[in-house]
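Below is one structure, written out as structure tokens; the observations come after it.
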Amino acid sequence: MSKSNAAQNINGWIIIDKPTGMTSTAVVNKIKWACSARKAGHAGTLDPSATGILAIALGEATKTIPYVTEQVKSYTFEVKWGEATDSDDSDGKIIQTSQVRPSEQDIIAILPRFRGEIKQTPPFFSAVKINGRRAYELARSGEDFDIESRSLFVSSLKLEKYISENSAILSLECGKGGYVRSIARDLGLELGCYGHVKWLRRIASGSFNLSMAHSLDTILKLNKTSAVNNFILPVELGLSTIKHGTCTSTAAEKIKNGNSAPILCKGARTGDEIWVSYSEIPIAIGKYEAGAFLPKKVFNLI
């Protein structure tokens, strides 16, 4: 496992089941402190009111964050019909109401419109940057602004439970940059009744799922002790979407110094981005070139 016994050099992933009421950044900072990690970051923001998978990279694992953020994420969430809020969730101020309520069949019939490649406009209360400022900052200050729609691939959107005419539970799988709050808002608009997210839970993020997750309290109770190492997952779990190659000790020394070297990588083609290990320890991420490896990001793990 790619981790060090020295807490300040800890490297790997720790998966937290984020509690409600905290920002993702606040959770990352607490984990960084508890693990005495030099570096930490997360692979996809969750709203403060949301719960579920928050994949936190420590140390050298931060170099793999982009490969996790590009992967599919899965959610379950409840939509409350009949009300639109300024934040598109239950934390916001109600700005529109309707007496219309959708039937179960109404919801099922509308869902195909939100699958595949769609256009989505992020919520006004989001971290999207508008001329260098976060949208939520502009929204809180009462400024008028527009957010451009963007493409999103939705691989799955299903009705899981029709609770009543006032609410329903749905599941969503989508690519990078998806906002569940926008899905709830737009479903309500299409159904002619308005809608917003009542609660939201992320159940998977790339290769990470809830079976790997731990409560924040569990980790904080072990703060600054070697016991936190038992919760660290390997750095390479963040690289599950690209091919893996291996090399000799001689090649590993060259790669560590930023030089190309011969490697073995089954199925790789010239130009492919791959990662290479020696003796099961990640060495670097880079490009495969006809039997040779050109390092781009080198891991300081050996």
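The values are calculated or read from the model by the stated rules, or taken from the named source; none is laboratory data. Note that the structure is predicted; figures quoted are calculated from it, not measured. Please note: Cβ atoms are built from the backbone with ideal geometry, for glycine as well, and neighbour counts cover all protein chains shown. For accessibility, only protein heavy atoms count, side chains too; no ligands or nucleic acids. Shrake-Rupley method; radii C 1.70, N 1.55, O 1.52, S 1.80 Å.
Positive end of the dipole of the range 98-217 (Cβ unit charges, origin at the Cα centre): among Ile118, Leu216, Tyr162, the Cα lying farthest that way belongs to Leu216. For the range 1-160, the Cβ-based charge dipole about the Cα centre amounts to some 760 debye (Lys, Arg positive; Asp, Glu negative; other atoms uncharged). Each 10 Å bin, from zero up to the one with the longest distance, holds this percent of the alpha carbon pairs of the range 11-83: 19, 49, 23, 6, 2. Within the straight-line cut-off of under 27 Å between alpha carbons, the lysines reachable from Lys243 are Lys3, Lys39, Lys63, Lys73, Lys176, Lys254, Lys256, Lys266, Lys287, Lys296, Lys297, sequence neighbours fewer than 8 places apart in one chain being disregarded. For a straight C-alpha distance cut-off of 12 angstrom, the aspartates and glutamates reachable from Lys30 (same-chain residues fewer than eight places away being disregarded) are Asp217. Binning the alpha carbon pair distances of the range 47-112 at 10 angstrom intervals from zero yields the distribution 14, 31, 30, 17, 8, 0, expressed in whole percent. Take the Cα of Arg38, step 7 Å toward its Cβ, do the same at Glu137, and the gap between the two points is 3.0 nm. The fraction of all Cα pairs in the range 70-198 landing in successive 10 Å bins from 0 to the largest distance is 13, 44, 34, 9, 0, given as whole percents. Take the Cα of Thr241, go 7 Å toward its beta carbon, and the backbone nitrogen atoms of the range 65-86 under 16 Å from that spot belong to 65-75.
By how many degrees, 0 to 90 and rounded to 10, does the Cα axis of helix 180-190 deviate from the longest principal axis of the chain? Tilt relative to the chain: about 30 degrees. In this calculation the C-beta distance from Ser249 to Lys93 is compared with R0 = 51 Å, giving a FRET efficiency of 0.25.
Relative contact order of the range 160-302: 14 percent, from C-alpha pairs under 8 Å at least 6 residues apart in sequence. Label the range 190-262 by shape, choosing from rounded, prolate and oblate, from the square roots a ≥ b ≥ c of the eigenvalues of the Cα gyration tensor; if a/c is under 1.5 it is rounded, and otherwise prolate applies when a/b is larger than b/c, oblate when it is not. Since a/c reaches 1.5 but b/c is at least a/b, the shape of the range 190-262 is classed as oblate. Global size of the range 246-302: 9.7, 27 Å for Rg and Dmax (C-alpha atoms, Rg to one decimal, Dmax whole).
Around the Cα centre of the chain, unit charges on the Cβ atoms of Lys, Arg, Asp and Glu (plus for the first two, minus for the last two) sum to a dipole of about 1020 debye. Selection among Phe153, Val100, Leu191 by position relative to the dipole of the range 92-228 gives Phe153 as farthest towards the positive end (Cβ unit charges, Cα centre).
Note on the range 8-166: with neighbouring protein chains present and a 1.4 Å probe, carbon and sulfur make up 47 percent of its accessible heavy-atom surface.
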